[in-house]
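Participant: The structure follows.
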Amino acid sequence: MYYNRGRLKKHKKDKTKRMNLMIEELFRNIFRCEVPLPNNPLRALNSYVIKGEDENLIIDTGFNCKESQEAFIKNLIELQVDIPKSKVVITHLHSDHSGLAHLVFKRGGQIYMSRGDGAATKGLMKEDNWIAMKKQLEAFGQRVEGGFFDKHPGRLYAPNEDFDYTPIEEGETISIGDYKLEIIAVPGHTPHMINLYEPQHKIYFSGDHILNPITPNIGFWGFQYPVILNQYIHSLKKISSLDINLTLPSHRNVIRDHRGRIDELIAHHEIRLQEVENILREAERSMTVVEVAEGMSWKIPFDSWASFPPPQKSFALGEAMSHLEFLVYKNRATLKKEKGLLLFSV
Ligand SMILES: [Zn+2]
């Protein structure tokens, strides 16, 4: 169901319809469409649709699973949006955003992604990706046995058929109806993530770059993407300088004060960096990434590190590593490699 300002009153009387509310018009012809993400703490994706005269823009898709696919298609039917008459921008490689790329492609939609995240999304279908990830986790001190990645969302819910996409990068624009959207590169959450900014109406689609109230995961993508946490903070500051009235993120709540939220996110990482530095200082010895992650506080409902399911372990280890790498970059910690293990100390 969706409402616009005219229909809202009518729906308020009908509790059932309000509970099923999946589409909401946030600005003229700009719709937030909820796509459920089953068995995932993010709960749902905010996929956005901008309706134009002859052409529409869709931002992000949902997991490649039955529940996401049904909702994604149902939302488009409800909005009378035809996939062949739509441009589909996928902000980044994560499967809650890219999962239905193959479906959109098969149905004649035109997909736009950054070249880097587009290639990485296709890479999720290849075994090489998972062999490389296993090697990386082992360098962190994590034992990776058979089945470790079986429940990883990048394995379970990524596109499972090939698709074509048009590479898009910062400086390019997409015009739909009254809106002229600029592509902005915001490396950090992924190495080649893109966002969209509409300067005339001061609307910004933040993907997973800026979320509220949850905090975007900043992982580790290999030393070929150096100091990714620093890149992320740089990307936050870049957005802070923009004139924005309405920030539309890919999960949870819209943001009215983007600068306030950016300040909170930067403060969050400063606290996290201090926490990691304290763990190294108190240990008075070299530590693996796993040992550091075990000592960090995590807002997830598991009692101990040992009880974290493997996907949560991978995300947590990526986060620990990105903070450790940043401390080394700032000369607050040192890194040495020993027998294939990364070891950190202060
Ligand atoms: Zn993401």
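The values are calculated or read from the model by the stated rules, or taken from the named source; none is laboratory data. Remember, it's a predicted structure, so these values are computed and weren't measured experimentally. When we count neighbours, we look across all protein chains shown, and the Cβ atoms used for this are built from the backbone with ideal geometry, even at glycine. Areas reflect the complete protein model, heavy atoms only, side chains present, ligands, DNA and RNA absent. Shrake-Rupley method; radii C 1.70, N 1.55, O 1.52, S 1.80 Å.
Participant: Compute the FRET efficiency between Thr215 and Asp54 as 1/(1 + (r/R0)^6), taking r as their Cβ-Cβ distance and R0 = 30 Å, and round to the nearest 0.05.
Facilitator: So the FRET efficiency works out to roughly 0.15.
Participant: Hey, which of these cross-link pairs are over 29 Å Cα-Cα: Lys106/Lys299; Lys74/Lys313; Lys106/Lys180; Lys106/Lys313?
Facilitator: In this structure, Lys106/Lys299; Lys74/Lys313; Lys106/Lys313 exceed 29 Å between Cα atoms.
Participant: Short version: ³J(HN,Hα) in whole Hz for each residue of the stretch 80-90, in order, from phi by Karplus 6.51 cos²θ - 1.76 cosθ + 1.60 (θ = phi - 60°), x for Gly and Pro, what are they?
Facilitator: These are the phi-based 3J(HN,Hα) values: 6, 9, 8, 4, x, 9, 10, 9, 10, 8, 10 Hz.
Participant: Please identify, among Glu53, Glu78, Glu275, the residue showing maximal mean-square fluctuation in a Gaussian network model of the chain using a 10 angstrom Cα cutoff.
Facilitator: Between Glu53, Glu78, Glu275, it is Glu53 that shows the largest mean-square fluctuation.
Participant: Shifting gears a bit: Working out 0.36 nm times the residue gap between Lys66 and Ser175, then minus their Cα-Cα distance, what length gain in nm do you get to one decimal?
Facilitator: Gain on extension, Lys66 to Ser175, equals 36.1 nm.
Participant: Moving on. Would you mind computing, in nm to one decimal, how far apart the modelled labels at Asn245 and Leu42 are, each placed 7 Å from Cα along Cα→Cβ?
Facilitator: Going by the 7 Å Cα→Cβ label model, 2.9 nm.
Participant: Please turn the phi angles of the stretch 233-249 into ³J(HN,Hα) values with the Karplus equation 6.51 cos²θ - 1.76 cosθ + 1.60 (θ = phi - 60°), one per residue in order, whole Hz, x for glycine and proline.
Facilitator: Calculated HN-Hα couplings, in order: 4, 4, 5, 5, 5, 4, 6, 4, 7, 7, 8, 10, 9, 9, 9, 10, x Hz.
Participant: Indicate, rounded to the nearest 5 percent, the antiparallel portion of the DSSP beta bridges found entirely in the stretch 30-121.
Facilitator: The antiparallel fraction comes to roughly 60 percent.
Participant: Cα extents of the stretch 2-270 along the three principal axes, largest first, in whole Å?
Facilitator: 57, 39, 36
Participant: Taking the stretch 216-289, which trypsin sites (Lys or Arg not before Pro) meet the DSSP loop condition and have no more than 10 other C-beta atoms within 10 Å?
Facilitator: Hits after loop and neighbour filter: Arg285.
Participant: Can you pull out the chymotrypsin sites (Phe, Trp or Tyr not before Pro) in the stretch 202-284 that DSSP calls coil and that have at most 11 other Cβ atoms within 10 Å?
Facilitator: The qualifying sites are Phe223.
Participant: Which distance in Å, rounded to a whole number, links the C-alpha centroids of the stretch 90-107 and the stretch 183-225?
Facilitator: 17 Å
Participant: Hey, another quick one. At 1.4 Å probe size, with every protein chain present, just tell me what the per residue accessible area of the chain comes to in Å².
Facilitator: 47 Å²
Participant: Can I ask one more? Lys238 to Lys135: extension gain in nm, 0.36 nm per residue of separation minus the Cα-Cα distance?
Facilitator: Separation in residues times 0.36 nm, less the Cα-Cα distance, equals 33.7 nm.
Participant: If you take every DSSP beta bridge whose two residues both sit in the chain, what share of them, in percent to the nearest 5, is antiparallel?
Facilitator: 65 percent
Participant: Moving to a separate point now. Grab the beta carbon distance between Phe27 and Arg332, set R0 = 45 Å, and tell me the FRET efficiency rounded to 0.05.
Facilitator: After rounding to 0.05, the efficiency reads 0.55.
Participant: Report the calculated FRET efficiency for Asn253 and Asp164 (r = Cβ-Cβ distance, R0 = 25 Å), to the nearest 0.05.
Facilitator: That gives a FRET efficiency of 0.15.
Participant: Then there's this: 222 nm [θ] for the chain, helices only, -39500 (n - 2.57) per DSSP H run of 4+, per residue, to 500?
Facilitator: It comes out at -11000 deg cm²/dmol, rounded to the nearest 500.
Participant: Further question: Over what distance in Å are the Cα centres of the stretch 138-179 and the stretch 240-305 separated?
Facilitator: Result: 22 Å between the Cα centres.
Participant: Within the stretch 2-270, what whole-number % of the accessible surface is contributed by carbon and sulfur, with the 1.4 Å probe and all protein chains included in the calculation?
Facilitator: Result for the stretch 2-270: 48 percent of the exposed heavy-atom area is carbon or sulfur.
Participant: Given Cα pairs under 8 Å that are at least 6 residues apart, what percent is the relative contact order of the stretch 158-221?
Facilitator: 22 percent
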